[in-house]
Amino acid sequence: MGFSLGRCPLVGKLPSTSLPGQKWVSVGYEGYGMVNAFLCGQALADMIFGHPFPDLPQASLLTPERLKKL
């Protein structure tokens, strides 16, 4: 089971790494995967294709600030 600070999933693109290509994640459901997975999956697909997805709570977005707190 994955956990996150703030009890919200982390959804978005990981910052640049030494690995080739872009890495996208949707993690940290804290045991509520079935409740969150469909919305987060749709949001992640839209992000990958550059489409806005306003239904995803801002608290779930993967930001550099959230990563620094982990």
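What to note about this one:
- The single condition among (1) surrounded by 10 or more Cβ atoms within 10 Å (Cβ to Cβ); (2) part of a helix (DSSP H, G or I); (3) without any contact (Cβ under 8 Å) to a residue 24 or more places away in the chain that E65 does not satisfy is (1).
- Qualifying residue in segment 23-33 (condition: farther than 18 Å from S4 by Cα, in contact with a helix residue (DSSP H, G or I) (Cβ under 9 Å, 6 or more places away or on another chain) and surrounded by 10 or more Cβ atoms within 10 Å (Cβ to Cβ)): no
The rows are residues; the columns are (1) within 19 Å of L67 (Cα to Cα); (2) β-branched (V, I, T).
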| position | (1), (2) |
| --- | --- |
| G6 | yes, no |
| P9 | yes, no |
| V25 | yes, yes |
| E30 | yes, no |
| P52 | no, no |
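- Within segment 1-45, the set of residues being modelled with pLDDT of 85 or more, among the aliphatic types (A, V, I, L, M) and not in a helix (DSSP H, G or I) comprises L10, V11, L14, V25, V27.
- Selection count where residues are surrounded by 13 or more Cβ atoms within 10 Å (Cβ to Cβ), of a type outside the set (D, E, K, R) and more than 11 Å from the chain's Cα centre (by Cα), scope segment 46-61: 1
- Test: residue in segment 48-58 that is in contact (Cβ under 8 Å) with a residue 24 or more places away in the chain, in a loop (DSSP other than H, G, I, E, B), out of contact with any Lys or Arg (no Cβ under 7 Å at 6 or more places or on another chain) and not polar (S, T, N, Q): yes
- Candidate set: segment 1-47, residues that are in contact (Cβ under 8 Å) with a residue 12 or more places away in the chain and of a type in the set (S, T, Y); chosen: the one farthest from T63 (Cα to Cα): Y29
The values are calculated or read from the model by the stated rules, or taken from the named source; none is laboratory data. All values reported here derive from a predicted model rather than from experimental measurement. Every residue, glycine as well, gets a Cβ built from its backbone with ideal geometry; the counts of neighbours run over all protein chains shown.
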